[in-house]
1. Would a scan of the stretch 216-223 turn up a residue that is over 18 Å from the mean Cα position of the chain (by Cα), under 23 Å from residue 286 (Cα atoms) and buried (at least 18 other Cβ atoms within 10 Å of the Cβ)?
2. Which numbered condition trips up residue 310, out of (1) in a loop (DSSP other than H, G, I, E, B); (2) open to solvent by less than 80 Å² (accessible area, probe 1.4 Å)?
3. Residues of the stretch 161-190 being out of contact with any Leu (no Cβ under 8 Å at 6 or more places or on another chain), open to solvent by 50 Å² or more (accessible area, probe 1.4 Å) and part of a helix (DSSP H, G or I), which ones?
4. Does residue 268 satisfy the criteria of being open to solvent by 30 Å² or more (accessible area, probe 1.4 Å) and closer than 28 Å to residue 180 by Cα?
5. Anything in the stretch 215-257 that is among the aliphatic types (A, V, I, L, M), part of a loop (DSSP other than H, G, I, E, B) and either within 21 Å of residue 144 (Cα to Cα) or modelled with pLDDT of 95 or more (or both)? List them, or say none.
6. Are any of the residues in the stretch 282-301 open to solvent by less than 40 Å² (accessible area, probe 1.4 Å), of a type in the set (S, T, N, Q) and part of a helix (DSSP H, G or I)?
7. Out of the stretch 251-288, which residues are under 15 Å from residue 46 (Cα atoms) and not β-branched (Val, Ile, Thr)?
8. Quick one: in the stretch 17-52, which of the residues that are more than 24 Å from residue 125 (Cα to Cα) and in a loop (DSSP other than H, G, I, E, B) is modelled with the lowest pLDDT?
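The values are calculated or read from the model by the stated rules, or taken from the named source; none is laboratory data. On a predicted model such as this, the values are computed, not experimentally measured, just so you know. Note that we place each Cβ from the backbone using ideal geometry, even for glycine, and neighbour counts take in every protein chain shown. SASA here: full protein model, heavy atoms, side chains in, ligands and nucleic acids out. Shrake-Rupley method; radii C 1.70, N 1.55, O 1.52, S 1.80 Å.
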Amino acid sequence: MTSEKIYRFLVAAATLLLAPSLAVAQPYPAKPIRIIVAYTPAGTTDILARAIGQKMTEAWSQPVIVENRPGANGNIGTEIAARATPDGYTILMATAATHSINNTLYPNLSWDAVRDFAPIGLVALVPNILVVNNALPVKSVKELIAYARANPGKLSHGSPGNGSTSHLSMELFKSLTGTKMTHVPYKGSAPVLADLMGGQISLTMDNIPVYLPQAMAGKIRALAVGSRSRTSAAPELPTAEEAGVPGLVAVSWFGLVAPVRVPRPIVDRLSKESARILKLPDVHKRIKDLGAEPVGGTPQEYAAFIRSEIRKWRKVIQDAGVHLG
């Protein structure tokens, strides 16, 4: 081999060896990012993902695309995200269902909310609101408890499905108050609201955006909210704890997670960017208009929050004997 050929060989070899390093060193993001939403379009999860994705697109000059992969109470889209290449170009808008409830409800899932995901940041909290039909002769939480105790099994509470935060919120309520009621599962919150207004069911504790407008219109009666502090959407309503049920904290929540092996610098960048976006006045207002509370925070804070929520809802599920296979 001539010296010229040797030189060319060495240059080619060096180029091949350096290629992976150059690829890794390429600034993130260098291509489109997808945010998986494990639910249908137009819901709260989807709206939050699109609000954040739009601002990331503007800031990074890379398309951030929301991909809806609904089914199986969020399990289908969540599994897709868990198995995605851990390069930061696929992230998931996690929910209370996918990351604090489903691993207990579905013990045979192929993914684990803690083991298979890297928390990025908590996005928003949506309080559940305790509402009753107007025919029920109660005007406070204490009156509701007294009535339910005097009429065991007579009241019925609706929810948008078995294992939903609405269902489990009422299971927690019954456990904390020593009351007995009948659970009636529906396929979504809209039919729950219709039957509540129609008097077919007695009460529910579900996401505030669906029920607050009807409560304000006098078509149903709101008694309390499930957040730790009063919500700006209805500051006149007491929290469930203020109203006499210590420990009744029931909120839906939404946050960003990534496959677990995504490099830490990318997770940190996504976290800082999402926290920045949540502070933008137009995004902040849009989230508040949904009846939600913007949060933000670090990956470490979000990880601790997820673990605490898993512990809380696991106990509720086990105590209530809820099983979905």
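1. Within the stretch 216-223, the subset over 18 Å from the mean Cα position of the chain (by Cα) is 216-223.
Filter once more, keeping what is under 23 Å from residue 286 (Cα atoms): 216-217.
Okay, now just the ones that are also buried (at least 18 other Cβ atoms within 10 Å of the Cβ), so none.
No, that holds for no residue.
2. Result: residue 310 passes all but (1).
3. 175, 190
4. Values: open to solvent by 30 Å² or more (accessible area, probe 1.4 Å): yes; closer than 28 Å to residue 180 by Cα: no.
It is false that residue 268 is open to solvent by 30 Å² or more (accessible area, probe 1.4 Å) and closer than 28 Å to residue 180 by Cα.
5. First, the residues of the stretch 215-257 that are among the aliphatic types (A, V, I, L, M): 215-217, 220, 222-225, 233-234, 237, 240, 243, 245, 248-251, 256-257.
From the residues that got through so far, the ones that are part of a loop (DSSP other than H, G, I, E, B) too are 217, 220, 233-234, 237, 240, 243, 245, 248-250.
217, 220, 234, 237, 240, 243, 245, 248, 249, 250 - these are the residues of the stretch 215-257 that are among the aliphatic types (A, V, I, L, M), part of a loop (DSSP other than H, G, I, E, B) and either within 21 Å of residue 144 (Cα to Cα) or modelled with pLDDT of 95 or more (or both).
6. No: the stretch 282-301 contains no residue that is open to solvent by less than 40 Å² (accessible area, probe 1.4 Å), of a type in the set (S, T, N, Q) and part of a helix (DSSP H, G or I).
7. Within the stretch 251-288, 252, 253, 254, 255, 256, 286 meet the criteria.
8. By that ranking, first place goes to 26.
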